[in-house]
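Every read-out reported here was derived from the displayed coordinates using simple, explicitly stated rules and does not represent laboratory data. Every value quoted in this text rests on a predicted model; they were computed, and no experiment measured them. For neighbour counting, all protein chains shown are included, and Cβ atoms are generated from backbone atoms with ideal geometry for every residue, glycine included.
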Amino acid sequence: MNSPLAQFVAGMARLVEQRDQREAAVLDEACELTRRLVARDDWLAQEFAQPDARFYRQYLLYGDPLQRFSVVSFVWGPGQRTPVHDHTVWGVIGVLRGAEYSQRYAIAGDALIASGAEQKLQRGEVDVVSPALGDIHSVRNAFDDAVSISIHVYGGNIGAIERSVFRQDGRRQAFVSGYSNPLAPNLWWRG
Ligand code: FE2
């Protein structure tokens, strides 16, 4: 029996091969696959669930060899948060363990404006980002005393994509996130 992760990767591989590559169709299916993946929490290897005392971790679980998608475990230590950032490709986030808060932003002129209220994403729930639907957000662990983990799938090799972090005055700074597991076997195509 294939593991949930192997089934997920197989589903994603089929999805990026299908004829209808419109973002809405891809996201619908990617959300459904992600929902199924995070419905149970007994498959993530310990080494990809380790928090770091200082920074949140992003472990590459699988990278498509043609860079059409990548799967990452995002591990939050207590109280950790991201800067405001974008992705430039679609992404689906599913909470595997704990919970997280997401705040979306829009650029208005040269200012960064919070868009709507902060949203809590509970275990088992999924959320999406994309340049078409809203691509700028900051995310934080919902807990100050526990680890949370979400599983992300992106429409590209997210660790190698040049994207942006945003300062409060709206100024952007280029960044490439990389991955927390630089020895992952298929990272030879990184960058
Ligand atoms: Fe993000």
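So in the stretch 64-116, with the set limited to residues that are of a type in the set (S, T, Y) and within 18 Å of E162 (Cβ to Cβ), which one is nearest to the chain's Cα centre (by Cα)?
Filtering the stretch 64-116 for residues that are of a type in the set (S, T, Y) and within 18 Å of E162 (Cβ to Cβ), the one nearest to the chain's Cα centre (by Cα) comes out as S70.
Name the residue that is nearest to the chain's Cα centre (by Cα), counting only residues in the stretch 165-177 that are closer than 15 Å to A111 by Cα and surrounded by 14 or more Cβ atoms within 10 Å (Cβ to Cβ).
Per the stated criteria, the residue is V165.
Among (1) in contact with a strand residue (DSSP E or B) (Cβ under 8 Å, 6 or more places away or on another chain); (2) surrounded by 15 or more Cβ atoms within 10 Å (Cβ to Cβ), where does R68 come up short?
In the conditions (1) in contact with a strand residue (DSSP E or B) (Cβ under 8 Å, 6 or more places away or on another chain); (2) surrounded by 15 or more Cβ atoms within 10 Å (Cβ to Cβ), R68 misses (1) alone.
Among the residues of the stretch 61-89, which ones are aliphatic (A, V, I, L, M) and within 15 Å of the ligand (Cβ to nearest atom)?
Across the stretch 61-89, the qualifying residues are V71, V72, V75, V84, V89.
Report those strands (runs of 3 or more DSSP E) wholly inside the stretch 109-150 carrying at least 2 residues which are more than 14 Å from the ligand (Cβ to nearest atom).
Here the list reads 111-122.
Is the stretch 19-37 home to any residue that is within 14 Å of the ligand (Cβ to nearest atom), outside any loop (DSSP other than H, G, I, E, B), out of contact with any Pro (no Cβ under 7 Å at 6 or more places or on another chain) and basic (K, R)?
Checked against the condition, which is being within 14 Å of the ligand (Cβ to nearest atom), outside any loop (DSSP other than H, G, I, E, B), out of contact with any Pro (no Cβ under 7 Å at 6 or more places or on another chain) and basic (K, R), the stretch 19-37 yields no hits at all.
When you check F143 against the structure, is it hydrophobic (A, V, I, L, M, F, W, C), touching a Gly at 6+ places or on another chain (Cβ under 8 Å) and surrounded by 14 or more Cβ atoms within 10 Å (Cβ to Cβ), yes or no? First the steps, then the outcome.
Working: hydrophobic (A, V, I, L, M, F, W, C): yes; touching a Gly at 6+ places or on another chain (Cβ under 8 Å): yes; surrounded by 14 or more Cβ atoms within 10 Å (Cβ to Cβ): yes.
So F143 passes the test.
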